[in-house]
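The values are calculated or read from the model by the stated rules, or taken from the named source; none is laboratory data. Remember, it's a predicted structure, so these values are computed and weren't measured experimentally. Note that each Cβ is placed from the backbone with ideal geometry, even for glycine, and that neighbours are counted across all protein chains shown.
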C-alpha cells in the first residue's frame with residue numbers, strides 16, 4: 001500500500017519536475033554555457049574579463065535595489081501591522097486595494113508614473129498652482145527608485161501581513177500585563193515573531209529591483225543604466241549572447257549570495273513567510 005502511495009506521489013510530482021527541468025534548470029545551464037564560451041562555441045573567459053568595465057553599473061544596481069528595499073520595508077511593516085489589526089472584512093478589502101495595481105500591466109504602470117513626474121506632468125501642474133514648483137523629477141535616480149518602490153511594494157506587504165495575521169496575541173497581552181509599553185511590545189514581541197515574513201519580503205523586493213531594466217529606461221531616461229539594461233542591450237541590440245550571459249551569470253551569483261545572507265538571519269517557523 002505504501003509502495004502504491006509512493007508511486008502515486010511520484011506520478012503527481014512528475015509534471016512539476018518536468019516543468020522545473022525545462023523552464024528553470026535548462027535555461028540556467030544555457031546561461032552558464034554561453035557565459036564561458038565565445039561565438040564559435042569554444043571555451044572562453046573573455047566575457048568574464050570584460051565584467052570589470054561594468055563595475056559601476058553593478059554597484060549602482062545593488063545600491064538602488066538596497067534603497068528601494070529599505071523604503072518598501074519602512075512603508076510596508078507598519079502598514080501590514082495596521083491592516084492585520086482591522087476586522088476580517090476590512091482586511092480583505094484593504095489587501096485587495098493593495099493588489100489592484102498589480103492587476104494592471106507593468107508597462108502601463110510605469111508609463112503612468114512618467115506622466116505624473118514629467119516637468120509638465122500632473123504633479124508639477126498641481127505644485128505650480130500651489131506656488132511651490134515645478135521640480136525636475138523625471139529622468140533622475142529618485143524617479144527610478146520611486147518606480148521600484150511602487151511596483152514591488154506589494155511583494156513586501158503581503159508576506160509581512162500573512163505572518164502578522166498569525167501572531168499569538170496572548171504573547172502581546174502577556175507583555176502588556178508585565179508592563180511593556182507599545183514600543184517595547186513591537187520591538188520585543190512583534191518584530192521577532194515576524195522575522196520570517198520580513199526576510200521573505202526583502203528577498204521578493206530586492207531580487208527584482210536589482211535585475212530590473214524597464215523602470216530605469218523610462219523613469220531614468222537612460223542616464224541611470226542598471227545591469228538589467230546592459231543585459232537587455234547585449235541580447236536585443238548587440239546580439240552578443242555570450243557577454244550577456246556572462247553578465248547574467250554574475251548577477252545570478254550576486255543574487256544567490258544576497259539570498260543566502262538574508263536566509264542566514266531568517267527563521268523557518270510556524271508563523272509563515274516564505275524563505276527562498
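Could you check, for segment 38-54, whether at least one of its residues is closer than 30 Å to residue 239 by Cα and touching a strand residue (DSSP E or B) at 6+ places or on another chain (Cβ under 8 Å)?
Taking segment 38-54 first, the residues closer than 30 Å to residue 239 by Cα are 38-54.
Still in the running and touching a strand residue (DSSP E or B) at 6+ places or on another chain (Cβ under 8 Å): 43-44.
Yes: one or more hits.
Can you tell me which residue among 41, 47 is in contact with a helix residue (DSSP H, G or I) (Cβ under 6 Å, 6 or more places away or on another chain) and either closer than 29 Å to residue 224 by Cβ or not in a helix (DSSP H, G or I) (or both)?
Working: 41 fails: in contact with a helix residue (DSSP H, G or I) (Cβ under 6 Å, 6 or more places away or on another chain).
When all the criteria are applied, what remains is 47.
With the checklist (1) within 30 Å of residue 147 (Cα to Cα); (2) at pLDDT 90 or above; (3) surrounded by fewer than 17 Cβ atoms within 10 Å (Cβ to Cβ) in hand, flag the one item residue 85 doesn't pass.
Unmet for residue 85, out of (1) within 30 Å of residue 147 (Cα to Cα); (2) at pLDDT 90 or above; (3) surrounded by fewer than 17 Cβ atoms within 10 Å (Cβ to Cβ): (2).
Give me a count of the residues in segment 115-171 that are under 18 Å from residue 97 (Cα atoms) and outside any helix (DSSP H, G or I).
The qualifying residues number 1.
Run residue 112 past the list (1) assigned by TED's automatic domain parsing to the domain that holds residue 244; (2) in a helix (DSSP H, G or I); (3) farther than 23 Å from residue 229 by Cα and report the number of the one that doesn't hold.
It is condition (3) that residue 112 fails.
Somewhere in segment 184-200, is a residue crowded, with 18+ Cβ neighbours inside 10 Å, without any contact (Cβ under 8 Å) to a residue 24 or more places away in the chain and in a loop (DSSP other than H, G, I, E, B)?
no
Do we have any residue at all in segment 72-80 that's within 17 Å of residue 201 (Cβ to Cβ), surrounded by 13 or more Cβ atoms within 10 Å (Cβ to Cβ) and free of Cβ contacts under 8 Å to residues at least 12 places away in the same chain?
Taking segment 72-80 as the starting set, the residues that turn out to be within 17 Å of residue 201 (Cβ to Cβ) are 72-80.
Then keep just the ones that are surrounded by 13 or more Cβ atoms within 10 Å (Cβ to Cβ); that gives 72-73, 75-77, 79-80.
Imposing the further condition that a residue be free of Cβ contacts under 8 Å to residues at least 12 places away in the same chain reduces the set to none.
The answer is no, given that none of the residues of segment 72-80 is within 17 Å of residue 201 (Cβ to Cβ), surrounded by 13 or more Cβ atoms within 10 Å (Cβ to Cβ) and free of Cβ contacts under 8 Å to residues at least 12 places away in the same chain.
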